[in-house]
Amino acid sequence: MSIKDLKAYWGFSRSPFSKELAPSMLFASRAHSEAVARISWCIEEGALGLFTGEVGSGKSVAARAAVAGLDGSRHTVVYLANPAVGARGMYAQIVSALGGTPRFHKAALIPQAMAALAAQEAEWGRRVVVVLDEAQGMDEALEELRLLMAADMDSKAAFSCLIIGQPLLRRRVRLGAYVALNQRIALRYVLEGMAKDETGAYIAHHLKIAGRTDTIFADAAVEVVHQVSRGLPRAVNNLATQALVAAYAEKKSVVDEASARMAAAEVDAE
Ligand SMILES: Nc1ncnc2c1ncn2[C@@H]1O[C@H](COP(=O)(O)OP(=O)(O)OP(=O)(O)O)[C@@H](O)[C@H]1O
Ligand SMILES: [Mg+2]
């Protein structure tokens, strides 16, 4: 059985639950909408925000959506998502993204990055947005992030910063090494899973994008998907896809509870 067969069976014009949705096609769950609004606030205010949520809760998608809504002529986004980036890598990527050539020695690189950040706002009227995604693995970069911020507590940082990561990050920033950083966090937001009614609407939304506007998932199937996924979008995607496969294998015209349970058992076994 191929994806092509599955699409033909269900009459989809494209693969449902695709990862590559344009920002305008995203589902506006409460968590997603609230996260996007808060990320946008941080960017506008030049603030430091901490966004956490379980694996697959939609953190990166929300950050991408907020960034896509920015005026490109007034913002420069530096997106770091490699946990192995290290402090030097962070400085170097900021300098490169702002059009400079990173100096070799770290002692020279730090002031270079600070100057490049300050110049964006002062000389070009551009707000820099530094995004540290997968930040639960970026201990060194996080420890040094505060060095890039204004030395004077009261003055504004020269850039907005979004720290994004898994739940353990929330506790980690409270540790001693991050006192100064923790104090500068202006906003903390936790992305929760979707509520049950939202999970159903989320599934319907993805199916509609794939070309089916009628009901394919029975209520009982949605219920199972919601329970098992706890409303976390990536888990919903995986379960719903497996449920479509299971229903197709038995030549059903609707994804019923049995198909969803089969999908849940398979995803569990992975
Ligand atoms: N608002 C949304 N509309 C449609 N699909 C979404 C939405 N939010 C999340 N998704 C789906 O869920 C998947 C997981 O989202 P995302 O990659 O943002 O999670 P994450 O929280 O960054 O996970 P990780 O901790 O693994 O980095 C996306 O690939 C996308 O398919
Ligand atoms: Mg992510």
Exercise for the section: Please enumerate the residues belonging to the range 84-100 that are over 17 Å from residue 123 (Cα atoms) and surrounded by fewer than 19 Cβ atoms within 10 Å (Cβ to Cβ). Expected result: 84, 86, 88, 89, 96
Completion exercise
Requiring at least 2 residues that are modelled with pLDDT of 90 or more and either in the same structural domain as residue 255 (by TED's automatic domain parsing) or more than 27 Å from residue 55 (Cα to Cα) (or both), the helices (runs of 4 or more DSSP H) wholly within the range 116-230 are 196-209, 219-229
Practice task
List the number of the failed condition for residue 229; all other conditions in (1) touching a Leu at 6+ places or on another chain (Cβ under 6 Å); (2) within 21 Å of residue 61 (Cα to Cα); (3) touching a residue at least 40 places away in the same chain (Cβ under 8 Å) hold.
Solution key: (3)
Problem - Checklist (1) of a type in the set (Ser, Thr, Tyr); (2) buried (at least 17 other Cβ atoms within 10 Å of the Cβ); (3) more than 16 Å from ligand 2 (Cβ to nearest atom) applied to residue 57, failing item - result: (3)
Practice task
Sort out which residues of the range 59-103 are within 17 Å of residue 139 (Cβ to Cβ), more than 13 Å from ligand 1 (Cβ to nearest atom) and part of a loop (DSSP other than H, G, I, E, B), and write them in order of number.
Solution key: none
Handout entry: Pick from the range 22-39, criterion buried (at least 17 other Cβ atoms within 10 Å of the Cβ) and among the small types (Gly, Ala, Ser), ranking: nearest to ligand 2 (Cβ to nearest atom)
Key = 35
Practice task
For the range 34-58, enumerate the residues that are part of a helix (DSSP H, G or I) and either among the β-branched types (Val, Ile, Thr) or assigned by TED's automatic domain parsing to the domain that holds residue 200 (or both).
Solution key: 36, 39, 43
Exercise for the section: Go through the range 210-227 and count every residue that is of a type outside the set (Gly, Ala, Ser) and surrounded by fewer than 20 Cβ atoms within 10 Å (Cβ to Cβ). Expected result: 7
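The values are calculated or read from the model by the stated rules, or taken from the named source; none is laboratory data. Worth saying up front: this structure is predicted, and the values here are computed from it rather than measured. Quick reminder, even Gly has a Cβ in these numbers, built from the backbone with ideal geometry, and neighbours come from all protein chains shown.
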